[in-house]
Amino acid sequence: MGGNPAEEFQAALDTGRAERELSEADPVNWRPEKKAGGRRKKSA
C-alpha cells in the first residue's frame, strides 16, 4: 500500500498480459464478435 495507483494498475495489466501471452496491442485492437441483434419476431 501507499504506492502510486497508476503504476500498480499498469503492473497488474502487464502481469495479466504476460500470463495470457498477449502483446500490448492485443487488448487495444480486440473487438467483441458480432451477434445477431434485435428482437425475436412474434409468431402469428
CD proxy, 222 nm, the chain: helix-only mean residue ellipticity via -39,500 (n - 2.57) per DSSP H run with n ≥ 4, per residue, nearest 500, stands at -13500 deg cm²/dmol
Quick one: pull the percent of accessible area on the chain belonging to carbon and sulfur, 1.4 Å probe, ligands and nucleic acids left out.
53
Treating the beta-carbon of each Lys and Arg as +1 and of each Asp and Glu as -1, no other charges, what is the dipole magnitude of the chain about its Cα centre, to the nearest 20 debye?
1040
Taking Rh as the Kirkwood radius computed over alpha-carbon pairs of the chain and applying Stokes-Einstein at 37 °C with viscosity 0.692 mPa s, one gets a diffusion coefficient in µm² s⁻¹ of 233
Quick one: helix 5-19 against the long Cα principal axis of the chain, what's the angle to the nearest 10°, folded into 0 to 90?
70
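The values are calculated or read from the model by the stated rules, or taken from the named source; none is laboratory data. No experiment lies behind these values; they were computed from the predicted model shown. Here the Cβ is made from the backbone with ideal geometry for all residues, glycine too, and neighbour counts use every protein chain on show. When the accessible area is computed, the model is the full protein with side chains, heavy atoms only, and any ligands, DNA or RNA have been set aside. Shrake-Rupley method; radii C 1.70, N 1.55, O 1.52, S 1.80 Å.
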